[in-house]
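Q: Before I ask anything, let me first share the structure, which is written out below as C-alpha cells.
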Amino acid sequence: MKILVCVSVVPDTTTKITFTDNDTVFNRSGVQFIMNPYDELSLTRALELTETTGGSVTVITIGEADTDPIIRKALAMGATDAIRVDASPKDGMYVAAQIAEQAKEYDLVFTGRESIDYNGGQVQGLVAEMLQWPLINVATQIDLENNEVVASRDIDGGREVVKSSLPCVISAQKDLCEPRIPNMRGIMMARSKPLNVVAATDKYDYTKVSKYELPPAKSGVKMIDAENAEQLIDILHNEEKLF
Ligand SMILES: Cc1cc2nc3c(=O)[nH]c(=O)nc-3n(C[C@H](O)[C@H](O)[C@H](O)COP(=O)(O)OP(=O)(O)OC[C@H]3O[C@@H](n4cnc5c(N)ncnc54)[C@H](O)[C@@H]3O)c2cc1C
C-alpha cells in the first residue's frame with residue numbers, strides 16, 4: 001500500500017497578516033508557519049494504516065525551500081519519504097495539478113478537508129478529477145478492508161459509511177484521529193530520510209493576484225450597564241438602526 005499525503009504549510013492562526021509590493025504579495029517575513037491541522041490528521045491516519053497493513057507513506061508539499069522544516073516534521077512523525085514540488089503555490093488548481101502529476105503511482109492520496117489559509121476545500125476534488133479517481137470527502141473514519149477503503153462521513157443527523165476501490169482520494173475531517181507528535185527518535189531519523197525536490201509542471205498556471213485587502217477594522221466594544229436597558233434600546237434604535 002503506497003499512500004501519498006498532501007501537506008499544506010500555512011501561517012499560524014495568530015499571525016498578523018500584512019502585504020508588500022503594492023498589496024499584491026503576502027508578506028512572509030516574521031510569519032510562523034505550521035503544518036495545516038487537517039493534514040496532520042490525514043498523515044497520522046495514513047501512518048496508522050500502513051503500520052497495520054504494511055506499505056509506505058510519502059508526503060508531498062507544493063512550496064518553496066522555507067517549507068522544508070514542516071516537511072521534516074512530517075518525516076519525524078513517521079513518513080517514509082517526501083516530495084517537495086519546488087514552486088510558489090498560486091491557487092488550488094495549480095496545486096492540484098502538481099499533486100496529480102506525482103500521484104499516479106500511489107494507491108491512495110490523502111488530503112485535509114481544507115487548508116486553513118485560503119480555505120478553498122477544492123484541491124482534493126480537483127486531484128480526483130484530474131486522475132479520474134473516486135473521492136471520499138471529509139472523512140471522520142478511514143479503514144482498509146479487503147483492498148477497499150471504508151470511510152465514514154458525518155451527514156445531517158447521522159453518519160454515512162462509504163466504500164471505494166483503490167486508487168482513491170480521501171480528505172480528512174476533524175475527529176479522524178489524534179494528531180501524532182514527533183518523538184526524539186523520529187526527529188533524529190527524519191534528518192536522513194529522503195526529501196526529493198522536483199520541478200513543477202506549468203499546467204493550470206492561470207491566475208495572478210491583482211490586490212489583497214484586509215477586512216475593515218472592527219469598531220470598539222461599547223459597555224452598557226446591565227441595569228441601563230434604555231441606553232441599549234437607544235443605541236440599537238438610533239445608532240445601529242435595527243428597528
Ligand atoms: C506565502 C504563500 C502565499 C500564497 N499565496 C497564495 C495566493 O495568493 N492565492 C492562493 O490561492 N494560494 C496561495 N498560496 C497557496 C495556498 O497555501 C494553497 O496551497 C493553495 O492556494 C490551495 O489552497 P486551498 O485553500 O484551495 O486548498 P484546499 O483545497 O483548502 O486544500 C485542501 C487540501 O489540499 C492539500 N493542499 C493544499 N495546498 C497544498 C500545498 N501547497 N501542498 C500540498 N498540499 C496542499 C492539503 O492536504 C489541504 O488540506 C500561498 C501559499 C503561501 C505559503
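Q: Hey, rough spin-label estimate for residue 154 and residue 232, points 7 angstrom out along Cα→Cβ, what's it come to in nanometres?
A: Calculated label separation equals 3.1 nm.
Q: When the C-alpha atoms of segment 58-141 are aligned to their principal axes, what extent does each axis show, in angstrom, from largest down?
A: Principal extents (largest minus smallest coordinate, Cα): 31, 27, 25 Å.
Q: Which angle from 0 to 90°, rounded to the nearest 10, does the C-alpha axis of helix 92-103 make with the longest principal axis of the chain?
A: It works out to around 20 degrees.
Q: Compute the long axis of helix 68-77 from its Cα atoms, compare it with the longest principal axis of the Cα atoms of the chain, and write down the angle in degrees, 0 to 90, nearest 10.
A: That helix lies at roughly 60 degrees to the long axis.
Q: Return one whole number: the accessible area per residue of the chain in Å², for a 1.4 Å probe.
A: Dividing the accessible area of the chain by its residue count gives 57 Å².
Q: Taking each pair of different alpha-carbon atoms in segment 2-213 once, compute 1/r for the pair, average those values, and report the inverse of that mean as the Kirkwood hydrodynamic radius in Å to one decimal.
A: After inverting the pairwise mean of 1/r, the radius is 17.6 Å.
Q: Taking 30 Å as R0, compute the FRET efficiency from the Cβ-Cβ separation of residue 64 and residue 166 and round it to 0.05.
A: FRET efficiency, residue 64 to residue 166: 0.40.
Q: Select from segment 174-216 those chymotrypsin sites (Phe, Trp or Tyr not before Pro) which occupy a DSSP coil region and have at most 14 other Cβ atoms within 10 Å, ordered by residue number.
A: For chymotrypsin sites (Phe, Trp or Tyr not before Pro) across segment 174-216 that sit outside H, G, I, E and B with at most 14 neighbouring Cβ atoms in 10 Å, the list reads 206.
Q: Which is the longest stretch in the chain that no exposed loop site breaks, taking sites as trypsin sites (Lys or Arg not before Pro) with a DSSP loop state and at most 11 other Cβ atoms within 10 Å?
A: Excluding the exposed sites themselves, the longest stretch runs over 17-103.
Q: Give the residue from 199, 8, 110 lying farthest towards the positive end of the charge dipole for the chain; charges sit on Cβ (+1 for Lys and Arg, -1 for Asp and Glu) and the dipole is referred to the Cα centre.
A: 199
Q: Determine the share of segment 2-213's accessible area contributed by carbon and sulfur atoms, expressed in whole percent, with a 1.4 angstrom probe.
A: 48 percent
Q: Once every DSSP H run of n ≥ 4 in the chain is given -39500 (n - 2.57) and the sum is divided by its residues, what mean residue ellipticity at 222 nm do you get, rounded to the nearest 500 deg cm²/dmol?
A: Computed ellipticity for the chain at 222 nm equals -7500 deg cm²/dmol.
Q: Restricting to the chain, compute how many DSSP beta bridges are antiparallel as a %, nearest 5.
A: About 40 percent, rounded to the nearest 5.
Q: Obtain the nm distance between the two label points defined at residue 80 and residue 23 by a simple spin-label model: each point lies 7 Å from its Cα along the Cα-to-C-beta direction.
A: Taking the two extended label points, one gets 4.8 nm.
The values are calculated or read from the model by the stated rules, or taken from the named source; none is laboratory data. Nothing here was measured: the structure is a model prediction, and the numbers come from that model. Positions of Cβ are backbone-derived with ideal geometry, glycine not excepted, and every protein chain shown enters the neighbour counts. Note: accessible area is taken over every heavy atom of the protein model, side chains too, but ligands, DNA and RNA are not part of it. Shrake-Rupley method; radii C 1.70, N 1.55, O 1.52, S 1.80 Å.
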